[in-house]
1. First compute the accessible area of the stretch 332-490 with a 1.4 Å probe, then give the percent of it belonging to carbon and sulfur atoms.
2. Amide H to amide H under 5 Å from residue 20: which residues, 5+ apart in sequence or cross-chain, H placed 1.01 Å off N in plane?
3. Bin all alpha-carbon pair distances of the stretch 302-434 at 10 Å intervals from 0 and give each bin's fraction as a whole percent.
4. Each label point is 7 Å from the Cα along the Cα-to-Cβ direction; what then is the distance between the points at residue 74 and residue 509, in nm?
5. Given charges of +1 on the Cβ of Lys and Arg and -1 on the Cβ of Asp and Glu, with all other atoms neutral, how large is the dipole of the chain about its Cα centre, in debye to the nearest 20?
6. Just to make sure I understand: if all protein chains stay in place, what is the order of 727, 225, 376, 746 by accessible area at 1.4 Å, largest first?
7. Counting only protein chains, not ligands or nucleic acids, how are 550, 405 ordered by accessible area (probe 1.4 Å), most first?
8. Looking at the stretch 326-395, which GluC sites (Glu not before Pro) are DSSP coil and have at most 14 other C-beta atoms within 10 Å of their C-beta?
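The values are calculated or read from the model by the stated rules, or taken from the named source; none is laboratory data. Bear in mind that the values here come from a model prediction, so they are computed numbers and not experimental data. A quick note on method: Cβ atoms are made from the backbone with ideal geometry, for glycine too, and the neighbour counts reach across all protein chains shown. Areas reflect the complete protein model, heavy atoms only, side chains present, ligands, DNA and RNA absent. Shrake-Rupley method; radii C 1.70, N 1.55, O 1.52, S 1.80 Å.
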Amino acid sequence: MKDAAPQTVYLSDYKPFGWRVEDVSLTFRLAPEATRILSRIRFAPDPAAPAQDFFLHGEDVSLIRATIDGAEVTPEITPQGLRCAVPEGAFTWEAEVEIAPASNTALEGLYMSGGMYCTQCEAEGFRKITYYPDRPDVMATFSVRIESDLPVLLSNGNPTGSGDGWAEWHDPWPKPAYLFALVTGDLRNHPDTFTTRSGKEVALNIWVRPGDEGKCAWGMEALKKSMTWDEEVHGREYDLDVFNIVAVDDFNMGAMENKGLNIFNSAAVLASPETATDANFERIESIIAHEYFHNWTGNRITCRDWFQLCLKEGLTVFRDQQFTSDLRSAAVKRIEDVAQLRARQFPEDQGPLAHPVRPESFQEINNFYTATVYEKGAEVIGMLKRLVGDEAYAKALDLYFDRHDGDAATIEDWLRVFEDATGRDLSQFKRWYSQAGTPRLSVEEAWDDGTYTLTFTQVTPPTPGQPDKAPQVIPIAVGLLSPNGDEAVPTRMLEMTEGKQSFAFEGLSARPVPSILRGFSAPVVLERDVPAEERAFLLAHDADPFNRWDSSRSLAREALIAMIRDGAEPDATWIDALGRVLRDETLDPAFRALMLGLPTQAELAQVLHEKGVTPDPDAICNSTEAMADAMAKRFEPMLDDLAAQAQVDAPYAPDAEQSGKRSLGGAVLALRTRLDGGAAARAQFAAADNMTLQLSALTCLIRAGEARAELDAFHDQWQGDRLVMDKWFGLQIAAADPAEAPDRAKALTQHPAFDWKNPNRFRAVLGALAMNHAGFHHKTGAGYRLLADWLLRLDPLNPQTTARMCSAFQTWRRYDTGRQAMMKEQLERIAAKDGLSRDTSEMVGRILS
Ligand code: 0A1
Ligand code: ZN
């Protein structure tokens, strides 16, 4: 258990550690209940640091013995670590500790998963392995010896020797302890090699459990593409002789960028056409890239302290997004990323969990691996690039790598690089890092004799601890269309710095139609009452694919709101305009599939709330269904054509072209199922030879309430495959009729294969319930109770996953008083639990505040 009285840590209290760590040697004698770790660490006083006691972090480790320069010492032990008197000059610290990896259910530190040993040290897990200054600004070279009967013994860096029951590794690159990793197990590898552009040959391996060897090829291709991309785009080469990736079934997050030894949730690396969908393949490609890119942005240049998390995460997300858009369709990728940002980050930024991209305080850092730090952090970098231009951005990145290689850096360092490379003053831009909340941008227009003027006003609403906001720098990409749909003024980047600011376009022959915030040039909410005809005009003509999609999305949103609020009929004008886009065969099928998607029910709830209307989850769900029915009826005559265009006649490949077609095919099948009761879906299910087709058919059948036989068949086919079974669990809750979703989820928690200690399985069931909007908000409160019951059960074992999943309750104040009271009751029930973890208590406390 963590400390009873959680303490708040503040950015403003940063103080460097008093010693430099010159070298670390670790020996692991592995045993499930009694692993011994011997450490030998050379410390030298740092003359620049303020005077302080010698304190090493350590949690849940038993100290067997410690010496300084060979002489036994007896440190003072606290629940957080140890304090010890030390000599004035440099000295060698040696310690032996014991830990019990098999009893480590939190999956932080050294733990066991399916018979293998593995580690997760970010953010503060190394202190559960041995006593150490576990902070990212303490960087050292590590030598590791592993003693174990298991056949494969891995750690960071390069292998330096091995024999029967032992192996040694040395990592020449100084690193913080959070990048330490160790894996041992009975593993099989999928090997390959990569030659860097300066001619160095690197051995690449993906290590998996026996039986999973056939699911590694895609991950390996993604790794090689990532290595090439970072060389070509940023001139960054890999810097060790080996690069190892390991797949682990029990993992709290997606993956981890440990130096030379990336550890992946098996769901984020293993894929075969039969078991993984196109979306899984794309996600795996981007996570492999993300972790690989961390080698430079995160590992070679790391963070001074955890408040700077966005320094590595925002930049690395931005880099993996660029990678995907270079490899696939840039337009489709941008739309997907913005949809994701609006679905995950906007609710966070506009609710009780709002925090700046660089937070200023925390109780538990694990609670700050958020959409704000990651995704908004990436948006901030995208804005910086838009403001300075591509060339200056590339120059600034070169300077960043040159200047800070080997450093534990800060956001100030990052911004200074841009200031030095471009001569710009970025002090106002820095507010993007310190002010929480989503700016709301409203627009007025004026037309006067050839001059068209746009006047913008920005307002950022108050967020917890930040009642008043100052204006931010907002890059607003604007293009103007002439009345015939041509581009009258191509995209121009307006730089807004004031609370209210006007921009004039002169010399126009006719009043234009503006296309504002092209490419979603800033993470803001654009508030503009655009007449439906103007949106339809943009939907038909905008040269910017993002805004074209967004116009349609806005029309759909407004039509749905009218249905929910006023009982209006589905908007035939919008449906017809959409139909014209769908028929346009020059458009990418993937783009057309995105156009067919409706706003999520959670998004509609948020918009209603913003309009001062209390969202009714059942009404939202019914209107969405009615809209989809209307689309199906209207588009019926073209469904055969669209299905034919979505046909793939080549052997399966998860590339952009084929997966775009399959996603259009999936959207068409969903409409068709509304008309034929499931006949086409049943046929597709029976004939499917890949998971994308099998799962899209199954989804349609579940939604139609016609999936009993197929769900059983799917279960029988895939019961031996954990990752596919996660889909089986999740889908029947996510796609369930909301009236039945809580019961369905409850029944599945009683299924013998519901291994609730496995985070993927837990999320498959309880996370899926939270994603079924009307199901989770079931009027009986059954959804709330079920989730709270399971969070309470998981918390003592795995605080990290429990705390993350509490965010399902973050929007509780939005709903009617009955639902509010029921959610509050569950939050208070969680908060009142004796011995609640620091992670969960911080989250619930913030949600309730
Ligand atoms: N740095 C990893 C994500 C990660 C963060 C925390 C973890 O455990 C608490 C695990 C992984 C990334 O950005 O991919
Ligand atoms: Zn990352």
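1. 45
2. 44, 46
3. 12, 42, 35, 11, 0
4. 9.4
5. 1240
6. Details: 727 40, 225 65, 376 0, 746 105 Å².
Largest accessible area first, the list is 746, 225, 727, 376.
7. 405, 550
8. Details: sites: 336, 348, 360, 364, 375, 379, 391; in loops: 360, 364.
Nothing satisfies the criteria.
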